[in-house]
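Engineer: Dropping a structure here in structure tokens format, bear with me for questions.
The values are calculated or read from the model by the stated rules, or taken from the named source; none is laboratory data. As the structure is a prediction and not an experimental result, all values here were calculated from the model. Here the Cβ positions follow ideal geometry from the backbone for every residue, glycine too, while neighbour counts run over all protein chains shown. Accessible surface areas use protein heavy atoms only, side chains included; no ligands, DNA or RNA. Shrake-Rupley method; radii C 1.70, N 1.55, O 1.52, S 1.80 Å.
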Amino acid sequence: MFEKALPLLESHFGYSAFRNGQEQAIRSVLAGSNTICVMPTGGGKSICYQIPALVLPGTTIVISPLISLMKDQVDALIQAGIPAAFINSSLSYNEANERIRDAKQGKYKLLYIAPERLDSYEFVEDLKNMDIPLVAVDEAHCISQWGHDFRPSYRHIQQMVKSLPQRPNVLALTATATPRVREDICHLLNIDERNTIITGFERENLSFSVIKGQDRQKFLLDYLKKNEQEAGIIYAATRKNVDQLYERLKKEKINVARYHAGMGDKDRAREQERFLEDKASVMVATSAFGMGIDKSNIRYVVHYQMPKNMESYYQEAGRAGRDGLDSECIMLYSPQDVQVQRFLIDQSSDRSRITQELEKLQQMADYCHTENCLQEFILKYFGETETDSCGRCGNCLDSRVSIDVTKEAQMVMSCVIRMGQRFGKNITAQVLTGSKNKKVTEMGFDRLTTYGIMKDQGAKEVSDFIEFLISQELIAIEHGQFPTIYVAPKGKDVLLGNEPVYRREAVKVKQVSKNDPLFEELRDVRRRIAETEKVPPFVIFSDAAIKDMCAKQPKTNEEFLQVSGVGEHKLKKYGLEFIQAIRAFLETNPEYQSEIQAEQAAPKKAAKKATVGETHLETLALNQKHLSKEEIAEQRELAVSTVESHLLQCAQQGLDVDFSRHVPNEYLPLLEKAVEEAGRERLKPIKELLPEEVSYFMIKVYVYFLSKKK
Ligand code: ADP
Ligand code: MG
Ligand code: ZN
């Protein structure tokens, strides 16, 4: 049966080869074995049940923990031409019944359900009337109490499986399974542990770095400015941190959304949607955000505070770069974070686990301090033995020079001591720089010998330097009503002249991905299509697919099919529009030479047959029958935008197209004025001058007629 798998991968998903682990998992499932598949986030677990679902008869059931995300997953399948549906509490009673009826008639290849459905006796009875060859349990660690997202309803899966008249296969999938959790999963789902497919945990497209001893807010703002075009997540420790950062970023006119458990359900759902649909580029969130988020084009994950252990960190950071494109994971470290986490552990946990949790916290802090390869540190932590340095993390690439700052460090620390070790960082900096601030003089600090000894620097600069000394654990913080600083034991050695202090230059922010005007243009096209189709952009095409389009610059259907991520269904639906956009771009930008194309080393895939002929003529015929664009799209299973492209293509070939219904007369004067003002090289500036309801299509038609007139 496996021989059917690869052609299905090509035709539906547009990929030419299986990734590491996928083939083994699919073989195991198709051979009829219950299987557990452990792969890192972004490794491609979904394919491991989606392909078998296509090969096997009947309907595969997928248990998925988050109802808010099922819709995206199902939309993505429908976009690939695979009949699928979900059933969860977001549906009305009637809608759910309708889908159950359709499912019983075998209309779906995949049916996604929330685990809580299994609590319903009625629903399990319904399942007995379906033909179910496979049950896929996504995020399977939710079944284990030892995991971090225990969901009691997962415990009902096995009961359901046993009750079905034809015993289905079970496939469990997870990204984070310690041996103990894995054991639990196998035990509770009746999986033979020998059927474990586990791939390495390295993420070759992620580059990790830790930033310490630097002003984190400044770093973050610089970073966000530099990476404005890209989507990213910022994790903060508490709800309050999230709200504060959110307000701060909003003030900087950054397009930001937020998410934490203190917000109302509606609010949260709306913010999540804005982020998934690329309407907000930055998500500031607590760790409550993210499980099951399949948004593939997240280019960076910044931790504004250190999380409590490596498991959480790798899972959260791992949400970057699911599409396989280069992405960054940055930790903004400050020693205070360790104290905050220690406090939280002391407060909340079950006493028996405190020691273990403190140990994990220590390892998290070790990660922040290591000077060795960060990716390697992570892999070792998760038990991989044959590891090597990655060559792309902050430590592997660190070429900053170190400067001897022993003297400055001694100045700061002796000032701290003279001030009685009872004051905060900022006032200490003011004393050192000789500020005339009232508090400084009132306390008599202007009479200290250390007053003004660093006056060649600004107070902010000195305050940053103190932050650096804190990160080196030379100075420590006493948390009270106001945090105060004191000299730590390690600092005393420096004061005595026994230890030198070196400081590296500040890390400069990087741009995660290079600017590419064609890429931006095609992302615009994707955004427009996504809006009409009412799905998130990454469901139409991943950034990786768009990037491949920039590299291959396809001009025909055959060439478009060569793009990674383009299957036959998507070719038919969107091919024309992207090909036209690429063609138009290359005409107006003849100098554009894709760098990627220059270094195009990837071997070409075997040519595939295109299934699309003179398809625009079929559209024209329907248009002449006075069907609306929407009706044509529906009948031909095309995107409305493709129908529009077809009509334009016909007009360009000199065929007679009746556009009168598509561009209402009352808009003509507006269009004329907008084009006069914005020119006709680019559509976006024109669009911006017009009312919302004037679509890109209307503008294209108008511009087309103008060009014919002259
Ligand atoms: P996971 O569930 O393991 O986190 P996904 O199933 O969401 O990962 O897949 C991550 C990304 O990898 C998706 O964008 C998917 O389309 C892509 N992908 C999966 N398999 C392949 C493959 N064989 N070739 C190229 N891309 C793939
Ligand atoms: Mg997944
Ligand atoms: Zn490295």
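Engineer: Given the Cα-Cα distance of Gln145 and Val703 and 0.36 nm per residue of separation, how much length would full extension add, in nm?
Structural biologist: Value of the extension gain: 194.7 nm.
Engineer: Short version: ³J(HN,Hα) in whole Hz for each residue of the stretch 86-97, in order, from phi by Karplus 6.51 cos²θ - 1.76 cosθ + 1.60 (θ = phi - 60°), x for Gly and Pro, what are they?
Structural biologist: 10, 10, 7, 6, 7, 8, 6, 4, 5, 4, 4, 4
Engineer: Within 10 Å, count the other beta carbons around each residue, average over each peptide in 529-539, 212-222, 157-167, and list them highest first.
Structural biologist: Put in order of decreasing packing, that is 529-539, 212-222, 157-167.
Engineer: Ignoring everything except DSSP H segments at least 4 long, calculate the 222 nm mean residue ellipticity for the chain; use -39,500 (n - 2.57) per segment, divide by total residues, nearest 500.
Structural biologist: Computed ellipticity for the chain at 222 nm equals -13500 deg cm²/dmol.
Engineer: Mind scanning Lys226/Lys251; Lys218/Lys266; Lys570/Lys684 and naming the pairs with a C-alpha gap bigger than 22 Å?
Structural biologist: Those over the limit are Lys218/Lys266; Lys570/Lys684.
Engineer: Could you calculate the FRET efficiency of Ile198 with Tyr502 from 1/(1 + (r/R0)^6), where r is the beta carbon distance between them and R0 is 60 Å, rounded to 0.05?
Structural biologist: After rounding to 0.05, the efficiency reads 0.90.
Engineer: Take the solvent-accessible surface of the protein heavy atoms, probe 1.4 Å, and return the percent of it on the chain that carbon and sulfur atoms account for.
Structural biologist: 48 percent
Engineer: In square angstrom, what is the accessible area per residue of the stretch 135-230 with a 1.4 angstrom probe?
Structural biologist: Per residue, the stretch 135-230 has an accessible area of 45 Å².
Engineer: What accessible area per residue, rounded to a whole number of Å², is obtained for the stretch 403-450 using a probe radius of 1.4 Å?
Structural biologist: Each residue of the stretch 403-450 exposes 53 Å² on average to a 1.4 Å probe.
Engineer: Just to check I understand the Karplus step: with θ = phi - 60° and J = 6.51 cos²θ - 1.76 cosθ + 1.60, what whole-Hz values come out for the stretch 128-142, glycine and proline as x?
Structural biologist: Going residue by residue, I get 5, 9, 10, 9, 10, x, 8, 10, 9, 10, 7, 6, 5, 4, 5 Hz, with x marking Gly and Pro.
Engineer: Using DSSP to define loop residues, name the GluC sites (Glu not before Pro) in the stretch 359-407 whose beta-carbon has at most 14 other beta-carbon atoms within 10 Å.
Structural biologist: Glu371, Glu384, Glu386
Engineer: Taking amide hydrogens as modeled 1.01 Å from N in the peptide plane, which residues meet the under 5 Å criterion relative to Ser144, leaving out close sequence neighbours?
Structural biologist: When sequence neighbours closer than 5 places are left aside, the close amide H contacts are Arg151.
Engineer: To the nearest 10 degrees, how steeply does helix 517-533 sit against the main Cα axis of the chain, on a 0 to 90 scale?
Structural biologist: Value to nearest ten degrees: 60.
Engineer: What are the lysines whose alpha-carbon lies under 17 Å from the alpha-carbon of Lys687, with same-chain residues fewer than 8 places away excluded?
Structural biologist: Result set, ordered by chain and number: Lys673, Lys700.
Engineer: Place the peptides 113-123, 668-678 in order of packing, highest mean first, counting for every residue the other Cβ atoms within 10 Å and averaging per peptide.
Structural biologist: Ranking the peptides 113-123, 668-678 by packing returns 113-123, 668-678.
Engineer: Give me, ordered by chain and number, the residues 5 or more places off Ile298 or on other chains with an amide H under 5 Å from its own placed amide H.
Structural biologist: Those qualifying (amide H under 5 Å, at least 5 residues apart or on another chain) are Gly321, Arg322, Asp323.
Engineer: Given a Förster distance of 60 angstrom, what is the FRET efficiency for Ile78 paired with Gln481, based on the Cβ-Cβ distance and rounded to 0.05?
Structural biologist: So, using R0 = 60 Å, E works out to roughly 0.60.
Engineer: So which lysines can Lys128 reach, going by Cα to Cα under 18 Å and dropping same-chain residues fewer than 8 places off?
Structural biologist: Excluding near neighbours in sequence, the set is Lys104, Lys107, Lys109, Lys162.
Engineer: Same structure again: With θ taken as phi - 60° and the coefficients 6.51, -1.76 and 1.60, list the Karplus ³J(HN,Hα) couplings across the stretch 238-248 in order, rounded to whole Hz; mark glycine and proline as x.
Structural biologist: Values, residue by residue: 10, 4, 5, 4, 4, 4, 5, 4, 4, 4, 4 Hz.
Engineer: Give the value in nm², to one decimal: projected area of the alpha carbon convex hull of the chain, averaged over all directions.
Structural biologist: One quarter of the hull surface, i.e. the mean projection, equals 37.1 nm².
Engineer: Tally Lys/Arg at +1 and Asp/Glu at -1 over every other residue whose Cβ is under 11 Å from the Cβ of Val509; what's the total?
Structural biologist: +3
Engineer: What whole-number distance in Å separates the alpha-carbon centres of the stretch 438-472 and the stretch 18-65?
Structural biologist: 61 Å
Engineer: Which order, highest average first, do 30-40, 450-460, 429-439, 296-306 follow once you tally other Cβ atoms within 10 Å for each residue and take the mean per peptide?
Structural biologist: 296-306, 30-40, 429-439, 450-460
Engineer: Under 27 Å between C-alpha atoms is the cut-off here; go through the stretch 402-504 and count lysine pairs that meet it, provided they're at least eight residues apart or on different chains.
Structural biologist: 24
Engineer: Quick one: net charge around Arg151, please, counting Lys, Arg +1 and Asp, Glu -1 for every other residue with C-beta under 15 Å from its C-beta.
Structural biologist: Combined, the nearby Lys, Arg, Asp and Glu give -4.
Engineer: Right, something else. What are the residues whose amide H is under 5 Å from the amide H of Ile198, where those residues sit 5 or more places off or on another chain and H is modelled from the backbone?
Structural biologist: Distant-sequence amide H within range of Ile198: Val38.
Engineer: While we're looking at this one, here's another question. Cross-link partners among aspartates and glutamates for Lys225, C-alpha distance below 12 Å, same-chain residues fewer than 8 apart left out?
Structural biologist: Reachable aspartates and glutamates: Glu252.
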